[in-house]
Structures are given as structure tokens and as C-alpha cells.
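Only one structure is covered here, and it is reproduced in the block below.
Please treat every number below as a calculation from the coordinates, not as lab data. These numbers were taken from a predicted model, which means no experiment stands behind them. Backbone-built Cβ (ideal geometry, glycine too); neighbour counts: all protein chains shown.
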Amino acid sequence: MNSADKKRVLREMLFARRFEERCYEAYVERKIGGFLHLYPGQEACVHGVMEAARPGHDYVITGYRDHIHAIKCGCDPKAVMAELFGKETGCSKGRGGSMHLFDVAHRFMGGYALVGGPFPLAVGMAKAIKMKGGDEIAICFLGDAANNQGTFHESLNMAALWKLPVLFVCENNLYGIGTRIDRSTAVVDQYKRVCGYGIPAAQEDGQDVEKVYAAARVAVEHVRGGNGPYFLELLTYRYRGHSMSDSNAYRPKEEERMWSRRDPIIILRDRLIEAGELTMDEYKRMDDEILHEIEHEIIPFAEQSPEPPVEELERYVLAENDPWVRGGAR
Amino acid sequence: MAVMMMWEAIRRAHDEEMARDPLVIAMGEDIGVAGGTYKATQGLYDKYGPERVIDTPISENSFTGVGIGASFLGVRPIIEIMSVNFAWLALDQIVNTAAKVRYMSGGQLQAPVVIRSPGGTAHQLGAQHSARMEKVFMGIAGLRVVTPSNPRQAYGLLKSAVRCDDPVFINEHELMYNLKGEVPDEEYFHPLEGSEVAREGRDVTLFGYNISVHWCLQAAETLAREDGIQAEVVDLYALSPLDREGIRRSVAKTHRAVVVEEAEAPVGVGAEVMAVLNEECFFELDAPPVRVSAAMVPIPYNRRLEKAAIPNPQRVVEAVRRLLGR
């Protein structure tokens, strides 16, 4: 990444932080319903990986902590916020909600709420890519706890067996809902669990976006080069609870303080300032612009957008006017 | 019209669709090199190769998910789950992904997969290989469920299901792969909705699907011969959505209904048909409709007990006689 790229990524990560913090407020104001899983603390993961990949070209799939993955793939943040507000202008037309964002035009293939569910879907997309002969790759972002589902093992086996172009990114934030990894998982280093499938795997600091980027370049090159799957584990931390209904009481305060000193935005910001590529004033201006955009463009768009019409309750259940339902166009 | 066995009809549909469209693939356990447990894909591995006729590991939930993921990008997978009992393991991907993805993406994504799987009680296969799961799938929004009773339907339903943009579950039967029947020589696409009158009658309607259509037809023969009762047999080859109008039309003519299902009665096809009768044509009924269903037991291994657990044509005959006061 050159200096301009780093500044852009810093801005994107700061935008992601402010966007999620605003979601928190909107949830407290009851503008957003249901479950809400926020991303602060983990920003370097998706940004570092997708800088090494091709957003909008490669197929990305993830779990329910999906707002920033959608935005990084190219989804309009206004459409994300409108979706959280349940509006027709949302990226899933208000039918999906926080856990089910989709932007297929930008090849963000969705957020899914069953832990581990996306593993086989990513392998299937990779199978389709290979059949069609494209140079895209499938990228599956999931948390460490998903690796305790059977789909993890079943899917890794098939991805390796058929040598498919899929990159598994494990954002290891140390907790599966409210249970610490060493209380749920016999082997804490997730990359070690992959060796049984003959898939190359690496572990990297998930708080330093430049390190994530460097590790992801190796991973993406491997996969895009037709060498089969790759597994990248990123060590990270989420600042908030699992979801908004989580009081976060299970985590030691000292642990939280330790991780807050390794904030991905601060790490990159301070590095750029130290290198003379950014001033604190520039950074503050950047932050003000972001806050202004969220408050004066994104939130009003979500608030003022129409709700989906009740008459369309049953739309999108099945295909519309599919001729084969009647046995073809006779 | 050629006479062929059910497995040959299913195999022909695979072959024609795979020859037409290079994105149609088949996947499942033992379907490739081994040619398929029920021969539904026999010879296709040699013809289309391992990239399109895929022997999967025994990982039902994930290989079903792989098919669904591939379908997101335009591939048309025909997924065989060797026994419907194993489809319980794949419920997460079928229900949570395939059936819901169009809706929860606001119409952006679709999962046009076909999932074929045989269920039913065969020859002493025991409790974990004899289940009937159609009742589970037919209650899921976003999923089509069809179930052929003869080779013509098996061929035509699979052809339409492959081309349909919705996920389609095809409920087959372990005992029916060698059943013979006529299949059109030219290409034939069976509708995925509706029902068929398998035998015309005026005194009572027997509703069946898949194997129970044959029990109904045998019962109708006996009733005509021994009792002079003309039973109409309606073949509900589409279980979801169910043909409400077809159900109403027949009962408006006969005014009496018996629903015959191989599965246990609660929350089943019979229960659903009876609900439709209540909602659509209650005042057409001259007598309360009845169900002929399996006993509420896991299917036993012992042959006598196994036979006692599931319906047969004689029980359908007896139910009709009771209904008509004979």
C-alpha cells in the first residue's frame, strides 16, 4: 500500500467505526430492531484482506457481523443503514435486516445467521467459479467459533479435495458469543486445526492493517493462482458484546484495556503521523467529515425512506412467473 | 411412447439436461464411479466427467450447501441425498439457506437447486432408513416439493425442476425405482404445481401421492369389483404448493374424501388436505373426511411389525366401506 492507499484505508476504517457507533445509538433509540452485531475493534481484518483482493469482483460471504464487509465490497452505506431501519431502499429491501445484508451487484453474497453456515456456500461459489473459468476467488469471513461447527471440517475437506479457489478468513476475536475460546475449543490456535486437510494456513496480527494486508496478499495470490484453498487466521478483538443484548460482563476489564491499546485505527493513524504522512489536524478533519456524512446524509436517507409495502409481503418467496412451474412455455 | 423403469426415466432427465446445459451438474454419494445406489446417474460419470458428476464425501449438510452456493452463481445442481433419512442432516442448508435466500436478499439471490431423495419403507431397513420426510419439507416457505408416482412424472418433474429458478425437493421412493411406465419419446416437462386425476369416479375421492397413489388405484379396483363403488383417485404430485383447486374440484363431484399417506398422521399431508377441505369445500362434504396413515411408531425391523405399521390397499378399501356405511 502506498501513502495514499494507507490514508484511504485509515479513512475507511474510521468511517466503519463511526458507522457502527451510530448504529448503536440508533438501536438504543429503537430505530433499529432485532439483533445487532457490531464490528468495532476488528476493522483491520476486512480492510486488510479486501485491499489484497478485488472488492466487487471477488465473491464475499460472511456471518451476521456483516455491515462493514458489505460496505467494503462496495455496498452504499446509505443502503446498509436503510436496511437496518427496515426500509424498502435497504440493500435487502428491508426483508433481511442487520444479519442478512446482500449486494449481489457488488458480489457481496450475503450475511448469514447460522454459525458456520457460509462455509459450504463459499466452497460452492468456488466450485462455480472453477467451472465457469473466471479469475475470481470466493472469500469466506467467519469468526473463530464457527470452526466448532461440522460445516467447517466438511467444507475444508471438499475445498481441498477439489482444489477450489476459496480463501477462508478466520477473524479470531477470542469469544464465541459469551464463551472464551479456551473454554470451548481444545486447540486455541485456529490455523493449526486446518493442517489436517492439507490446506496452507497462517496466523497474523489482526489489529495491524498493514500486516493483515501483507498476509492476505500471500493468501490471495495462492488462491487466485489456482493452488486451491488457503486459511488465514487474524487475531483480533471486538470492543462490544456479541450483540446488543450482551452486557459483556464475562470479559476481564484488564483484557479489554489491553486490546484497546492495540486499536487498529490508532495503530495506523500514529504510524502515518510518525512518518510525516498525516497530521492530527487532518485526522480530525477526516473524522468531522465522516460524522457529518453519517448524520446529514446517511441517517436522514434511512429515516426518510419508505417502508416496504404490506401488499408485497409475499413477494420474493418464489420466482415470479417462472414458466417451468407450468411445465414450460406451452 | 417407450415403457421404461423409474430409474431409467430419472437418468434420462439427467442426461438430457446435462447435455443441453454445461452448468447442470449432478452431485451426491456414490453417484459417479459407482453409478448411483438406484442407478439414477448410471453412465453419466463416463459421459460428463468428474467435474460435473461429483462423488461427494458423506457430508450431507455441507455438500448440499456446496450445491446451493454454486447455484448462487448460475450452476444448476441436481443433488442426490441417498436416503431421505440423511436429509435431516441437510435441513440447515435446505431450510435456512435455499428456501430463504431469495426472500432475505430482497429478490437479489436465488438458489435454483434440485434435491432428489428417496424415502419410505422398503424391505426391513429399520427405523433410521425408513422415514418419510415430505411433511417436513412441505411446510417450508420458499421451497417447492414434488413427488412422482410414475416414470412419466419422475422424468418430467425433474426436467422442469432443473430449469425452475426455485429450489425444488423431489421426494422419491426406495421401492419405486423399478416401477415401469410409459414416458413420452419427445421431451416432456411436467408442471411443478397441480394434481392429476389418476382414475375417474363419482362416489368418493381417494387422495394419494407417490407410492400411496398405487394403493389408492388398487383399492379403487377392489371397490369397483366387489362393492360397485366408483372411487376417483387424485394424484397430488405437488405437495407444496398444494393444489387447493384440484382438491376442491374432485370433492365437489364425489362429496367424500379419504387421504392416504405412508407417513404418520400428525402434521402431515393428510392433515393438510383435510384443512384444505374444511377451508375450500366444507359444505360439499356428505361425510367427515378420513385419513389412512402410518402408525405413530419408528418403523420396526421385524417384517410383520413393519407391514403392520404402514397402510396398504386393503386398509384403504376398509376405510371407504366405513365412510360409505357398507
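For B:VAL24, the residues whose modelled amide H falls within less than 5 Å of its own, excluding neighbours fewer than 5 places apart on the same chain, are B:ARG76.
Taking other C-beta atoms within 10 angstrom as a stand-in for reagent exposure, A:TYR39, A:TYR213 fall in the order A:TYR213, A:TYR39, fewest first.
Each 10 Å bin, from zero up to the one with the longest distance, holds this percent of the alpha carbon pairs of the protein assembly as shown: 3, 15, 23, 22, 16, 11, 6, 2, 1, 0, 0. Overall shape: rounded for the stretch B:2-183, with the ratio a/c of the largest to smallest alpha carbon gyration tensor axis below 1.5.
Is the shape of the stretch A:15-111 rounded, prolate or oblate, going by the alpha carbon gyration tensor and its root eigenvalues a ≥ b ≥ c, with a/c under 1.5 for rounded and a/b larger than b/c for prolate? Taking the square roots of the gyration eigenvalues as a ≥ b ≥ c, the stretch A:15-111 is oblate. The three principal axes of the C-alpha atoms in the stretch B:196-323 carry coordinate ranges of 42, 34, 23 Å, sorted with the longest axis first. The residues B:CYS281, A:CYS195, A:CYS45, when put in order of fewest to most other Cβ atoms within 10 Å, stand as A:CYS195, B:CYS281, A:CYS45.
Evaluating 6.51 cos²θ - 1.76 cosθ + 1.60 at θ = phi - 60° for every residue in the stretch A:48-57, the Karplus couplings come out as x, 5, 6, 5, 7, 9, 10, x, x, 10 Hz, glycine and proline recorded as x.
Exposed loop sites are taken as GluC sites (Glu not before Pro) in a DSSP loop (any state but H, G, I, E or B) with at most 10 other beta carbon atoms within 10 Å; the longest stretch of chain A without one runs A:30-313. Pairs over the 26 Å Cα-Cα cut-off, from the set A:LYS93/B:LYS159; A:LYS87/B:LYS100; A:LYS7/A:LYS93: A:LYS93/B:LYS159; A:LYS7/A:LYS93.
Applying a DSSP loop filter and a limit of 14 other Cβ atoms within 10 Å to the trypsin sites (Lys or Arg not before Pro) in the stretch B:179-232 leaves B:ARG202. Normalised by 2.2 N^0.38 Å, where N is the number of residues, the alpha-carbon radius of gyration of chain B equals 0.99. Candidate cross-link partners of A:LYS31 among the aspartates and glutamates, defined by an alpha-carbon separation under 13 Å and a same-chain spacing of 8 or more, comprise A:GLU83, A:GLU303, A:GLU307.
For the stretch A:176-330, rounded, prolate or oblate, judged on the Cα gyration tensor with a ≥ b ≥ c (square roots of eigenvalues), a/c < 1.5 rounded, else prolate if a/b > b/c? It comes out oblate by the Cα gyration axes. The trypsin sites (Lys or Arg not before Pro) found in the stretch A:102-206 that occupy coil by DSSP, while having at most 16 further C-beta atoms within 10 Å, are A:LYS163. Between the amide H of B:ALA198 and those of B:VAL233, B:VAL234, B:ASP235, distances stay under 5 Å, these residues lying 5 or more places away or on another chain, with hydrogens modeled in the peptide plane.
Ordered by the count of other Cβ atoms within 10 Å of each Cβ, fewest first, B:LYS135, A:LYS31, B:LYS47, A:LYS93 give B:LYS47, A:LYS31, B:LYS135, A:LYS93.
For the stretch A:3-326, the ratio of Cα radius of gyration to the globular rule of thumb 2.2 N^0.38 Å stands at 0.99.
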